[in-house]
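The structure under discussion appears below in the form of structure tokens.
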Amino acid sequence: MRFRRELLKGCMTTLILAALRDRPQYANELRKTILERSAGAFAIPSGSIYPCLHRLEKKGLLISREEGLVRVYLLTKKGGQELEYSLREWRLFSRAMDVTLGGEGI
């Protein structure tokens, strides 16, 4: 299932930070990692990932370095803290949505 662009855009920071938690990656590798982990549900266009990566780098959530012909992105300590906060927030939000929509309780 493909999701609306707006929904994916709202989750892109968390998806990128989670992918970088395991190891440094370059942009297209990040796109592939997210696509594979989501079983094809989260296809991030190449034109969308770069602005997000630049924004996250400006916020200090990741850093980048040149490795040969590619720019590799690494999670910072601040980025790891943001990821943990985002994961807790997402879990609470999704449970609240389930309850509101008639699913399982919190």
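Tabulated results
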read-out	value
Residue in segment 65-74 that is surrounded by 12 or more Cβ atoms within 10 Å (Cβ to Cβ), touching a residue at least 12 places away in the same chain (Cβ under 8 Å) and over 16 Å from the mean Cα position of the chain (by Cα) present	yes
From the options Ile44, Ile49, Ile63, residue that is among the aliphatic types (A, V, I, L, M) and modelled with pLDDT of 95 or more	Ile63
Out of Leu62, Leu7, Leu17, sole residue that is touching an Asp or Glu at 6+ places or on another chain (Cβ under 7 Å) and among the aliphatic types (A, V, I, L, M)	Leu17
Qualifying residue in segment 47-57 (condition: in contact (Cβ under 8 Å) with a residue 40 or more places away in the chain, surrounded by fewer than 17 Cβ atoms within 10 Å (Cβ to Cβ) and among the hydrophobic types (A, V, I, L, M, F, W, C))	no
Segment 29-44, subset touching a residue at least 12 places away in the same chain (Cβ under 8 Å) and charged (D, E, K, R), residue surrounded by the fewest Cβ atoms within 10 Å (Cβ to Cβ)	Arg37
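The values are calculated or read from the model by the stated rules, or taken from the named source; none is laboratory data. A quick note: this is a predicted structure, and the numbers were derived from the prediction, not measured. We place every Cβ from the backbone using ideal geometry, glycine too, and count neighbours over all the protein chains shown.
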